[in-house]
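Here is the structure we will look at, set down as structure tokens.
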Amino acid sequence: GRGRGGLVDEVKATLAGLNAMLGTVVGLILALSLAGSGQLWPLGIIVLVSIVGAALWAQVIEGSPMLLRPYGYFGSVGGVVLSGLAIGAGGGDAWLVLAAAGTGATVTQAVARLRCLVQGCCHGREAPEAVGIRYTHPRSRVVRMSTLGGVPVHPTPVYSMVSTLAVGAVMLRLWALGAPLQFIVGTYFILVGLSRFVEEHFRGEPQTTEVAGLPLYQWLAIAFVVGGAAMTGLGA
């Protein structure tokens, strides 16, 4: 009685859930390898709060039932920052868990973007034939919510995956050099902010809010760079 379409949607939802779980587990393992097993509970709390924050962001900021978007990146970061502040207020090592969580998150986000690539969320604007990809599935967000169905668009989820993994490589190098933890955290925000600002230029989602001529997410990327730069100058 469900029909083929309903079954396909259930399979896609299951695969999306497995994809998110895989990314979270790999990111958590990386974070634990950096921070040490003694930080399991603080990092576990950060993971849970970040998921809640991502879900709230997706519903409040991007809250259309047509989007099929369970999580929002900036909400996740907000949850991580709030968790870090709470851990620090409770006597824990906030810089340690934030630096480890940020490094692990680069892998988590790269894996999560695979879902974006398949489903069409976070899709790009029209692109030259040589670099563009086409979405034709009727349930893809590109087809459902824009006029770009069947048109070559920038594969912005791929841009995000590549840039995020590059940020992760820089973070790991800083860990290997014994850089101050606040510098590692600040570097994460600077590099992610720069890459997201550029990535947003190639995006083509019609529902993204614009403020003073820039997409909302470019303003948030600017805030990341400014905030990250400030963090790199803080004391231990």
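The table for this structure:
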read-out: Solvent exposure, largest accessible area first (probe 1.4 Å, DNA, RNA and ligands not counted), of SER37, SER76; value: SER37, SER76
read-out: Accessible area of the chain belonging to carbon and sulfur atoms, whole % at 1.4 Å probe; value: 72
read-out: Area accessible to solvent at THR106, 1.4 Å probe radius, in Å²; value: 10
read-out: Whether the chain is rounded, prolate or oblate, judged on the alpha carbon gyration tensor where a/c under 1.5 counts as rounded; value: prolate
read-out: Counted charge near THR106, where neighbours are those whose Cβ lies closer than 15 Å (Asp, Glu -1; Lys, Arg +1); value: +2
read-out: Residues of the chain: accessible area per residue with a 1.4 Å probe, Å²; value: 49
read-out: Prolate/oblate/rounded call for the stretch 107-211, Cα gyration tensor, a/c under 1.5 rounded; value: prolate
read-out: Packing rank of 162-170, 190-198, where each peptide gets the mean count of other beta carbons within 10 Å, highest leading; value: 190-198, 162-170
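The values are calculated or read from the model by the stated rules, or taken from the named source; none is laboratory data. These numbers come from a predicted model, not from an experiment. Every residue, glycine among them, receives a Cβ derived from its backbone with ideal geometry; neighbour counts consider all protein chains shown. Side chains are part of the model used for accessible areas, which takes the heavy atoms of the whole protein and leaves out ligands, DNA and RNA. Shrake-Rupley method; radii C 1.70, N 1.55, O 1.52, S 1.80 Å.
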